[in-house]
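No value in this document is a laboratory result; all are computed from the given coordinates. Everything numeric in this text was worked out from a predicted model, so none of it was measured. Note that each Cβ is placed from the backbone with ideal geometry, even for glycine, and that neighbours are counted across all protein chains shown.
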Amino acid sequence: MTNKSMEIKTAETTISTFKTLIPPLDIFENELRLECKRLYIDLKDGSRKKKLLSKELNSLIDVLFIGRPNPFKLFRSCIITFGHALERATMDFAEKMGAEVYRNKHFLSSNMDIVFRIKNTVYNLESKANIELDLGKTKKVVETLDRKNKIIFNALDCQSRRWQVISKIVVWTKETSKDAMKIAKEPLTEKKLMGFKDFFMVFNINLTKDEFFSMLQNVWIDEVEKYLE
């Protein structure tokens, strides 16, 4: 048996073992909770709120709430952080499922969101909670995705290893790429999109919308919302 065959067999065995012992969604949920505990330390001790209150006026909403408590500022900050936690948890989950994860994601000074490999396929995923962008931002997203695809292909020497690179935008609020395409704008195409169900199917895991959204909501309530005043 070649080293490559052994490598593939090991990854498949790992995935099979985890599926048997622990439900995959439970694994993802646990990784997301762990990332939330790391990223929301300043929320729990109150320092995040103090830091936000001390910031200068940077937006119109800041002006509208001069002299009054702004309940949205801390909430918005926490939503952004939750997106980061989701991105990190995705990498942790992929690793737990037997994929080779590239944690040093600075290929040629270009930061990547989520990069992992299963067999001869490298997945380069840009994590997005919302793709309702204007035309200018949409074009930039597509250009960035294509540029990073080339960077990863060269940095990992994919040609000589006969690996392919699949680069997509994973939209956590949509079930499939077809659903995501309903709100996307050109030049984005369905081929460049991935819903949460598409992501889990990479690992041969089938989830429903209710299961995934319920998990996200439970983590948010337990790890974040209860600390918001």
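Annotation: the antiparallel percentage among DSSP beta bridges lying fully within the chain is about 45. Which residue, chosen from ALA94, THR208, ASN154, occupies the Cα position most advanced towards the positive end of the dipole of region 89-229, where the dipole is computed from +1 (Lys, Arg) and -1 (Asp, Glu) charges on Cβ about the Cα centre? Comparing the listed Cα positions along the dipole, ASN154 ranks first. In plain terms, the residue of GLU29, GLU95 with the fewest other Cβ atoms within 10 Å comes first and the most crowded comes last, giving GLU95, GLU29.
For region 100-202, just say rounded, prolate or oblate: build the C-alpha gyration tensor, square-root its eigenvalues into a ≥ b ≥ c, call rounded for a/c under 1.5, and beyond that prolate if a/b exceeds b/c, oblate if not. Could you put the intermediate results ahead of the total?
Numbers: a/c = 2.07, a/b = 1.48, b/c = 1.39.
Cα axes put region 100-202 in the prolate bin.
Full extension of the chain between ILE41 and ASN154 yields a length gain of 36.9 nm, computed as 0.36 nm times the residue separation minus the alpha carbon distance. Rounded to whole numbers, the Karplus 3J(HN,Hα) couplings from phi for region 180-194 are 5, 5, 5, 10, 7, 10, 4, x, 5, 10, 4, 4, 8, 10, 8 Hz, using 6.51 cos²θ - 1.76 cosθ + 1.60 with θ = phi - 60°, and x at Gly and Pro.
In region 170-229, how does Rg compare with the Kirkwood Rh, expressed as the Rg/Rh ratio over alpha carbon atoms?
1.10
If each residue's Cβ is checked for other Cβ atoms within 10 Å, how do LEU25, LEU125 rank with the fewest at the top? Let's see the in-between values first.
On the way: LEU25 17, LEU125 23.
So the ranking, lowest neighbour count to highest, is LEU25, LEU125.
List GLU143, GLU223 from most exposed to least, where exposure is judged by having the fewest other Cβ atoms within 10 Å. Let's see the in-between values first.
Working: GLU143 11, GLU223 22.
The most exposed by this proxy come first: GLU143, GLU223.
The magnitude of the dipole of the chain, with charges of +1 and -1 set on the Cβ of Lys/Arg and Asp/Glu and taken from the Cα centre, is near 580 debye. In the chain, the inverse of the mean reciprocal separation of distinct Cα atoms equals 19.4 Å; this is its Kirkwood hydrodynamic radius.
Backbone N atoms of region 170-194 closer than 13 Å to the 7 Å Cα→Cβ label point of LYS209 belong to residues 173-183. Since only THR121, ALA184, VAL142 are under comparison, the one whose Cα sits farthest along the positive direction of the charge dipole of region 100-202, derived from C-beta charges on Lys, Arg, Asp and Glu, is THR121. Within region 175-229, how many lysine pairs that are 8 or more places apart, or on different chains, have C-alpha atoms less than 17 Å apart? Final tally of qualifying lysine pairs is 9. Taking the helices alone, the chain has a mean residue ellipticity at 222 nm of -17000 deg cm²/dmol, built from -39,500 (n - 2.57) per DSSP H run of at least 4 residues and averaged over all its residues.
Using R0 = 30 Å, the C-beta based FRET efficiency linking LEU57 and LEU34 works out to 0.25.
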